[in-house]
Amino acid sequence: MLDEAALNELLDLAEHDLFRLETLDLYEVRTDGSDYDRYLRGEPGPDMARKRPWMDRLAADVAKGLRNYRVHVLRSPLSPYLRYECEWGYAYNVTAGEKTRILDLAEVPPPSGLIQEDFWLLDDAFVVRMYYQASRFIGAERLPPSDLDRYRAARDAAWQGAVPFEEYWEAHREFWRDRQATSSGSRRRDSPRS
């Protein structure tokens, strides 16, 4: 079982493609700092001193030709945490170069081949399965090559069945935290995320 440090070292080996499938409604992530609490309190944006290194990393990956992309499989209506993840996470990641899509199972049926497991697929060559206890990461496992086809198929099913984050978020203004800004037709520009 890989701990967080070993997982990060493994992910650093990706040279061309780094895909992530997310399936949970809540992630207790130490690197979020106090941003989730700040979001719930109505503060105007994430802690950019904390977030900027991640955004810089995504931009550097793009510059060297590494494609970061992900799909989050969820079911609306969105919980406060998923709203936070969209508004202070994905919105910022997308501006830094990550390709993000949303597969909302309240709107579309699950595509054939989709699996309800969190995983990374690196360079289309190996899979790392993520394990959680409730919403807390407890470890990861590099799976054998015999599992590759199943996870490639799951990635392709999720990616093809999902919509680009920007499209999803624009179509679901009811989930935006600042409802006054959404009702006037303008969106606050002080809220992307990692």
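The numbers here are math on the coordinates, done by the rules we state, and not lab data. In this text the structure is predicted, and so the values were computed from the model without any measurement. Reconstructed Cβ throughout: ideal geometry from the backbone, glycine too, with neighbour counts over all protein chains shown.
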Open item on the list: Relative contact order for region 55-181: what percent, with Cα pairs under 8 Å and sequence separation of 6 or more?
Closed with: 28 percent
TODO: Any chance you could run the full-extension gain for Asp3 through Gln133? It's 0.36 nm times the residue separation minus the Cα-Cα distance, nm to one decimal.
DONE: 45.4 nm
Task: Pairs of alpha carbons in the chain whose separation is greater than 22 Å (percent) - done: 48 percent
TODO: Set the Förster distance to 25 Å, then compute FRET efficiency between Arg30 and Arg67 from the Cβ-Cβ distance, nearest 0.05.
DONE: 0.45
- [ ] Please give the length that would be gained between Arg173 and Leu13 if that part of the chain were fully extended, namely 0.36 nm times their separation in residues minus their C-alpha to C-alpha distance (nm, one decimal).
- [x] 53.8 nm
Open item on the list: Ignoring everything except DSSP H segments at least 4 long, calculate the 222 nm mean residue ellipticity for the chain; use -39,500 (n - 2.57) per segment, divide by total residues, nearest 500.
Closed with: -9500 deg cm²/dmol
Task: Net charge, Gly42 excluded, C-beta distance under 9 Å - Lys, Arg +1, Asp, Glu -1 - done: +1
Task: Surrounding net charge for Val127, when Lys and Arg each add one and Asp and Glu each subtract one, Cβ distance under 13 Å - done: -2
TODO: At 0.36 nm per residue, minus the direct Cα-Cα distance, what do Ala125 and Arg57 gain on full extension? Give it in nm, one decimal, please.
DONE: 22.3 nm
Task: Virtual spin-label span in nm between Glu141 and Gln116, 7 Å along Cα→Cβ - done: 1.9 nm
TODO: Kindly express, to the nearest 10 degrees and within the range 0 to 90, the angle between helix 148-161's C-alpha long axis and the longest C-alpha principal axis of the chain.
DONE: 20 degrees
